Amino acid sequence: MQIFDYQPPAVPWLDIRYKDRDLIIINKPSGLLSNPGRAAHTFDCALTRLQTLYPETILVHRLDCATSGIMVFARNKKAESHLKTQFQDRQSKKVYIAEVIGHVMLEQGMIDLAIAPDTEHPPYQKTLQAGETGGKSALTYYRVLERRGNSTLVELSPETGRTHQLRVHMLALGHAILGDEFYGDAEVIKAAPRLCLHAQSLCLTHPYSAKPLFFSSKHPFSE
């Protein structure tokens, strides 16, 4: 099991993109936890930073520490319930951008592989093959945006929200995400200074007005 060396970025301390009486949208930097861990040194995170300004802030969903991009937080219990229901019922739409090792051959495709905890190597996750039991269904659509020297920029649209879903699905496809210290080999880890996974956009319904909302943050993986 890897030791978690947590050094959260100080800049930007908070990148708030939108707020009203019901919700707050931020652009989370890579290296910042979404919510506190068990250890005292993991108290500094997106949630606690927001709570210093808006004490009522409630966590709705999570991004992996190494993943950057758009996150939504609630500012009251009614908004929390409404937003969480949208995520659970797959009404919200999330689009991620990733740079992966090698050239993805198909222009687009679907990865339909159940995911389960790797009980021999926690907290890792693993995909299950047909016939294996014990996992949860997981579905990811992908589309090639650009093929580079020895990598591919892809758009990923998950239909489910399993732990490490995009990371293990791309690994199963044979194209680990660059900079992935959990699932990548030495070549993958050395290829980028961070995990090249970014939550670029989020589409949801406002919990009070019921109007559709769209938020985006351009990925940082330009050549």
Looking at this structure, is Val60 in contact (Cβ under 8 Å) with a residue 60 or more places away in the chain and over 25 Å from Leu178 (Cα atoms)? no
Would a scan of the stretch 1-24 turn up a residue that is free of Cβ contacts under 8 Å to residues at least 24 places away in the same chain, surrounded by 13 or more Cβ atoms within 10 Å (Cβ to Cβ), over 23 Å from Gln200 (Cβ atoms) and not aliphatic (A, V, I, L, M)? no
Selection from the stretch 74-126 of residues hydroxyl-bearing (Ser, Thr, Tyr) and under 28 Å from Leu47 (Cα atoms) yields Ser81, Thr85, Ser92, Tyr96, Tyr124
Look through Thr52, Thr48 and report the one residue that is out of contact with any Phe, Trp or Tyr (no Cβ under 6 Å at 6 or more places or on another chain), open to solvent by 40 Å² or more (accessible area, probe 1.4 Å) and of a type in the set (Ser, Thr, Tyr). Thr52
So the check is Cβ under 7 Å with 6+ separation or different chains; which pairs have a first residue in the stretch 65-80 that's assigned to a helix (DSSP H, G or I) and a second one that's of a type in the set (Gly, Ala, Ser) and open to solvent by less than 30 Å² (accessible area, probe 1.4 Å)? Glu80/Ala74
Has the stretch 101-119 got any residue that is over 26 Å from Ser217 (Cα atoms), free of Cβ contacts under 8 Å to residues at least 24 places away in the same chain and open to solvent by less than 60 Å² (accessible area, probe 1.4 Å)? yes
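The values are calculated or read from the model by the stated rules, or taken from the named source; none is laboratory data. Bear in mind that the values here come from a model prediction, so they are computed numbers and not experimental data. Cβ coordinates were reconstructed from backbone atoms using ideal geometry, including for glycine residues, and neighbour counts include every protein chain displayed. Surface areas here come from the heavy atoms of the whole protein model, side chains and all, with no ligands, DNA or RNA. Shrake-Rupley method; radii C 1.70, N 1.55, O 1.52, S 1.80 Å.
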